[in-house]
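Every number in this text was worked out from the coordinates using simple rules, so none of it is lab data. Please read all numbers here as calculations on a predicted model, not as lab measurements. Because the Cβ atoms are built from the backbone with ideal geometry, glycine has one as well, and the counts that use them run over all protein chains shown.
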Amino acid sequence: MPVSAASQSQAQRKHSFVEWGLIAVVIAYASLLLLGPLAAMVWGAFSEGFARFWSEITSPDVLHALKLTVLLGGGATALNTAFGLAIAWVLVRHQFKGKRFINGLVDLPFAVSPVIAGLMLILLFGRDGWLTPLADAIGLKLVFSVPGMLLATTFVSLPFVIREVMPILSQVGTQQEEAAYTLGASPWQTFLRVTLPTIRWGLLYGISLTLARALGEFGAVLVVSGGVSGLTETATLFIFRSLDDRNYVGAYSVALLLALISFVLLILIELFKARRVES
C-alpha cells in the first residue's frame, strides 16, 4: 500500500510538471505573438518622444483617416445589424426553397479573401463593369469612392450578427412570441418586448464583432478606394502608406491607436459573450 501511495504521488507530481510545462509554453507563445508586436508598436510610436507621437495622431491626414474609419465601421455595423437581424429571422423562422443555399452564402465573406471581394466590386462597378450602367443611371459612384468602401466593408463584416443571432432564435423557439400575439400584441411590439430582450446579448456580441472587423478592414478597401490621402484613406491605409513613405513613427502611432481601440472592443466582446452564456 505505501508503494502504491508513493507511485500515485510520483504520478501526480509528473502530471503537475507536465501541466506547468504546457502552461509555460502557452504563455511564452502568446507573449511572443501578442506582446511582442504590441511592445514594438509602443516603442516605434514613442521612439522620437511624445510630442512627435501627438503631432502624428493629430495631423489632418490622420484625423481624416480616423474619421473615415469610424464612419465606415459605424455604417457597416448599422447596415449589418439591421439586415443581419432580418436575414437571421428569415433563415430561422421560415422554410423555403433555396434556404440552404442562402445560408451558405452568408459565410462567403469568411471564405473569400477581402482583396478578391474588392476585385469583385471593381468588376461589377468599374469603368466597364457589369452593373456600371445601373449605377450611372441612379448617379451613384461606387469605385474609388466612400460608398464603394462602405459596400466593401459591409460585405466583409456581414456574417457576424447573423451567426450570433441565429442560434439564440432557434433555441428560444416561438412560444413566447405566439403568446404575445394571442394577447393582442402587434408584430413590432412582440419583437421589441419579447424577441429583442431575449437575443440582446447575442446581438450585442455580434455587433461588437462586426465593428471590430469593420474598423480593421484593409484588403477590400485598398482595392476599391484608391487610397487617396485626405479623401479615401482609412486608418489602415494610412499605416500602409506611411510605411511605404518611411514615416515609421506615423505608422506605429496610428497602429497603436487602432490597437487600443481593438482592446476596448475586445473587453466589450468578452463582457457580452459572458452575458450571452449566462442568459
Rounded if a/c under 1.5, otherwise prolate or oblate - region 158-241, Cα gyration tensor axes: prolate
Residue with peak Gaussian network fluctuation, the chain [Cα springs, cutoff 10 Å], from S16, S157, S170: S16
Sequence of E48, E217 once ranked by neighbouring C-beta atoms within 10 Å, starting from the fewest: E48, E217
Which labelled figure in (i) 82, 46, 38; (ii) 90, 68, 32; (iii) 74, 52, 41 is Cα extents along the principal axes in Å, once derived from the coordinates: (ii)
Helix-only [θ]222 nm of the chain, DSSP H runs n ≥ 4, -39500 (n - 2.57) each, per residue, nearest 500: -25000 deg cm²/dmol
Neighbour-count order for W201, W188, fewest beta carbons within 10 angstrom listed first: W188, W201
Of L183, L85, L140, the one that fluctuates the most in a GNM where the chain has Cα springs shorter than 10 Å: L183
Anisotropy class of region 26-162 from Cα gyration tensor, a/c 1.5 cut: oblate
Choice from L243, L32, L256 showing the highest fluctuation, given a GNM over the chain with Cα pairs closer than 10 Å: L32
L150, L271, L124 arranged by Cβ crowding within 10 Å, fewest neighbours leading: L271, L124, L150
Calculated FRET value between R127 and R100, using beta carbons and R₀ = 30 Å, to 0.05: 0.25
Extended-chain gain in nm, criterion 0.36 nm per residue less alpha-carbon gap, A82 and W43: 10.0 nm
J(HN,Hα) series, region 82-89, from Karplus relation 6.51 cos²θ - 1.76 cosθ + 1.60, nearest Hz, glycine and proline x: 5, 6, x, 4, 5, 5, 4, 4
The chain - percent relative contact order, Cα under 8 Å, separation 6 or more: 30 percent
For region 242-250, Karplus couplings with θ = phi - 60° (6.51, -1.76, 1.60), whole Hz, Gly/Pro x: 5, 5, 5, 8, 6, 8, 5, 5, x
Pairwise FRET efficiency - S170 versus F191, Cβ, R0 = 22 Å, nearest 0.05: 0.85
